[in-house]
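The values are calculated or read from the model by the stated rules, or taken from the named source; none is laboratory data. What you see is a predicted model; the values in this text were computed from it and never measured. For neighbour counting, all protein chains shown are included, and Cβ atoms are generated from backbone atoms with ideal geometry for every residue, glycine included.
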Amino acid sequence: MEGSVQYANGRIHINMQLIDAVTDDHLCSRTYDRDSTDIFSIQLDIATNVANALRTECSLIEQQDLKRAPTDSPEAYRLYLAARQSQLGDNIRLDLHQAVEADPGFALPYVERASIYIQRLRTPGTAKNALAQRTKQEELTWKDINSALGIDPTLGRAYAWLGMIHRYNRRGVDASHAFERALEFSPNDPDVLVNYGYFLANIGQREQAIGLAERAVELDPSNAETHATLGHFNAAAGHFDRADDDFRKAAELGAVWVHMLAANLELVRGKHRIRGCETVAAF
């Protein structure tokens, strides 16, 4: 799908085209010119038109999600989207805090903020205050996840990050249950699929992790990080040629840090060859 979005004077103008990547046929084309407060109605129209063009039926849960506006505040939604698209940590946090202030009943900013806190848990602080920092980040994570699920108990992405915090605390059974709920409520959310994939890869179920990441790439083919994640899973499973392709695609989509992953892949590939030679020599 390709198109353009223009915003001016409180109105939003959207051109949308759905193109078959194999035949280059135009499957669907629409233009929208409406008040910016009508953004969720436009979103529903686009999703419905795309599903019809692809002859795909949405699940009952997905239909309900599309029809239900996540927030009544266009400003809160704008701030949330800005945070999702930003590469600057300080800007992300500020936008999410402001989104929560603009609409405390909007669940997604809480989930996004919890994801930042969880990522910080992986980064050790100074030796002097590392434990206090981790404790604080974990408290903030639980608070935001509980807030999100209190607002929307069917939000799959919240269950996915609940699974991640359980994984961080090495509660494998609880993590597995949380990810199962996430997949139940949001089977077509790339974030859910990728996070569940990380959990499965971590417990040795690499092929299942690859399957989830492949599905995420199908759903969001322009996301560089998703391609890099698939490459990471393929490399861990020994599928080095596939990983090469995944990392190359991620780089084409603008992932500047993917070259480090590709370099690590070469190291892993080299060690794998050495082990292979040793095995042959042993026989």
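Could you list all residues from the range 190-205 that are surrounded by 24 or more Cβ atoms within 10 Å (Cβ to Cβ) and of a type outside the set (A, V, I, L, M, F, W, C)?
195, 196, 197
Quick check on this structure: which one of 138, 112 is assigned to a helix (DSSP H, G or I), out of contact with any Pro (no Cβ under 7 Å at 6 or more places or on another chain), touching a residue at least 12 places away in the same chain (Cβ under 8 Å) and farther than 18 Å from residue 83 by Cα?
Numbers: 112 fails: farther than 18 Å from residue 83 by Cα.
Testing whether each residue is assigned to a helix (DSSP H, G or I), out of contact with any Pro (no Cβ under 7 Å at 6 or more places or on another chain), touching a residue at least 12 places away in the same chain (Cβ under 8 Å) and farther than 18 Å from residue 83 by Cα leaves just 138.
Which residue pairs have Cβ atoms closer than 7 Å, lie 6 or more positions apart in sequence or on different chains, and pair a first residue in the range 178-194 that is in a helix (DSSP H, G or I) with a second residue that is surrounded by fewer than 21 Cβ atoms within 10 Å (Cβ to Cβ)?
Filtered contacts from the range 178-194: 178/166; 185/61; 185/154; 190/219; 190/220; 190/223; 192/183; 193/215.
State whether the residues of the range 86-99 include one that is surrounded by fewer than 17 Cβ atoms within 10 Å (Cβ to Cβ), modelled with pLDDT under 90 and touching an Asp or Glu at 6+ places or on another chain (Cβ under 9 Å). Spell out how you get there, then give the answer.
The first filter runs over the range 86-99 and keeps only residues surrounded by fewer than 17 Cβ atoms within 10 Å (Cβ to Cβ), leaving 86-91, 93-94, 97.
Still in the running and modelled with pLDDT under 90: 86-91, 93-94.
Checking which are touching an Asp or Glu at 6+ places or on another chain (Cβ under 9 Å) leaves us with 86.
Yes, there is a match, as at least one residue in the range 86-99 is surrounded by fewer than 17 Cβ atoms within 10 Å (Cβ to Cβ), modelled with pLDDT under 90 and touching an Asp or Glu at 6+ places or on another chain (Cβ under 9 Å).
Could we say that residue 46 is modelled with pLDDT under 85, surrounded by 16 or more Cβ atoms within 10 Å (Cβ to Cβ) and β-branched (Val, Ile, Thr) here? Show your work before the answer.
Values: modelled with pLDDT under 85: yes; surrounded by 16 or more Cβ atoms within 10 Å (Cβ to Cβ): yes; β-branched (Val, Ile, Thr): yes.
So residue 46 passes the test.
Which of the residues belonging to the range 221-241 are among the aliphatic types (A, V, I, L, M) and closer than 14 Å to residue 200 by Cβ? Don't jump to the end; show me each part of the working.
Going residue by residue through the range 221-241, those that are among the aliphatic types (A, V, I, L, M) are 224, 228, 230, 235-237.
The answer is 230, 236, 237.
Testing residue 154 on (1) among the hydroxyl-bearing types (Ser, Thr, Tyr); (2) farther than 23 Å from residue 187 by Cβ; (3) modelled with pLDDT of 90 or more, one condition comes back false. Which one is that?
For residue 154, the failing item is (2).
If you take the residues in the range 199-235 that are polar (S, T, N, Q) and part of a helix (DSSP H, G or I), which one is modelled with the highest pLDDT?
Looking only at the range 199-235, we keep the residues that are polar (S, T, N, Q), and these are 202, 205, 208, 222-223, 226, 229, 234.
Imposing the further condition that a residue be part of a helix (DSSP H, G or I) reduces the set to 202, 208, 226, 229, 234.
Details: 202: 91, 208: 97, 226: 93, 229: 92, 234: 93.
The extreme case among them is 208.
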